[in-house]
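Peer 1: Dropping a structure here in structure tokens format, bear with me for questions.
The values are calculated or read from the model by the stated rules, or taken from the named source; none is laboratory data. This one's a predicted model, so the numbers in the text were calculated from it and none came from an experiment. Cβ placement follows ideal geometry from the backbone for every residue including glycine, while neighbour counts extend to all protein chains displayed.
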Amino acid sequence: MIDAGRRFVTTQAVRVTVAMHRGHVRTFIDPAAGHETEIVTGVDAPAFAEFWLATVLG
């Protein structure tokens, strides 16, 4: 399901750091010292909903 679901999202590679900020754990974009990860920047929700319903009801 995850592999099939990836066609419904757009992603971007960024470098991030996880740190405490004002008593809460936060994720920050950190180009200098962060670890590379892939973040979702957009979702085609109607297309995914159609795919999901066809899969579940099909």
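Peer 1: Select from segment 1-13 the residues that are out of contact with any helix residue (DSSP H, G or I) (no Cβ under 9 Å at 6 or more places or on another chain) and surrounded by 10 or more Cβ atoms within 10 Å (Cβ to Cβ) and write down the one among them that is modelled with the lowest pLDDT.
Peer 2: Taking segment 1-13 first, the residues out of contact with any helix residue (DSSP H, G or I) (no Cβ under 9 Å at 6 or more places or on another chain) are 2-3, 6, 10-13.
From what's left, surrounded by 10 or more Cβ atoms within 10 Å (Cβ to Cβ): 6, 10-12.
Values: 6: 68, 10: 89, 11: 89, 12: 92.
Top of the filtered list is 6.
Peer 1: Continuing with this model, one more query. Looking at 25, 16, which one is in contact with a Phe, Trp or Tyr (Cβ under 7 Å, 6 or more places away or on another chain) and either modelled with pLDDT of 90 or more or of a type in the set (A, V, I, L, M) (or both)?
Peer 2: Exactly one of 25, 16 is in contact with a Phe, Trp or Tyr (Cβ under 7 Å, 6 or more places away or on another chain) and either modelled with pLDDT of 90 or more or of a type in the set (A, V, I, L, M) (or both), namely 16.
Peer 1: Can you give me the number of residues within segment 26-55 that are within 21 Å of residue 14 (Cβ to Cβ) and of a type outside the set (Ser, Thr, Tyr)?
Peer 2: 16
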